[in-house]
1. Determine which member of the set Glu49, Glu99, Glu83, Glu23 is out of contact with any Pro (no Cβ under 8 Å at 6 or more places or on another chain) and free of Cβ contacts under 8 Å to residues at least 24 places away in the same chain.
2. Could you check how many residues of segment 110-138 are exposed (fewer than 15 other Cβ atoms within 10 Å of the Cβ) and in a strand (DSSP E or B)?
3. Would you please name the residue that is farthest from Val43 (Cα to Cα), looking only at residues in segment 94-109 that are buried (at least 17 other Cβ atoms within 10 Å of the Cβ) and either of a type in the set (S, T, N, Q) or out of contact with any helix residue (DSSP H, G or I) (no Cβ under 6 Å at 6 or more places or on another chain) (or both)?
4. Quick check on segment 19-36. Is at least one of its residues modelled with pLDDT under 90 and under 25 Å from Thr131 (Cα atoms)?
Amino acid sequence: MGITRFGISLEDGLLKNFDELIEGKGYPSRSEAIRDLIREELVKKQWEEGTREAVASVTLVYDHHTRELANTLTDLQHKFHKEILSSMHVHLDAHNCLEVIVLKGPAGDLRAISDRLIGTRGVKHGKLAITTTGKGLE
């Protein structure tokens, strides 16, 4: 794998803001920060296409006392067992639970599964975090 150097022209204020941002995030160089920005856009494109293999995590917060909710979530996870790689259940307090579910498969399928889980009656909050398998992001 080779490295290609290229130049970027930026306004002074934009470069100053960018440098402050990447310093705050701990990037060792502008190059590494720009590589991450490019990768982020490539991952978004993969998800928009919907057919490429991707990975994601779905985080759910819910009251485990909600009638039949735990059973419904478990049943859904069994229904999508091919896409669901793992799940973790955490008791936040006497009523609330957090569940993190890791998925792998075509991006469009993962989004649909996530929507189904998050949209389940009784889920207080849900969040989909999308990423890539890393293939094609040299």
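1. Answer to the check: Glu23.
2. Matching residues across segment 110-138 total 5.
3. Cys97
4. Taking segment 19-36 and keeping what is modelled with pLDDT under 90, we get none.
Within segment 19-36, none of the residues are modelled with pLDDT under 90 and under 25 Å from Thr131 (Cα atoms).
The values are calculated or read from the model by the stated rules, or taken from the named source; none is laboratory data. All of these numbers come straight from a predicted model, not from anything done at the bench. Every residue, glycine as well, gets a Cβ built from its backbone with ideal geometry; the counts of neighbours run over all protein chains shown.
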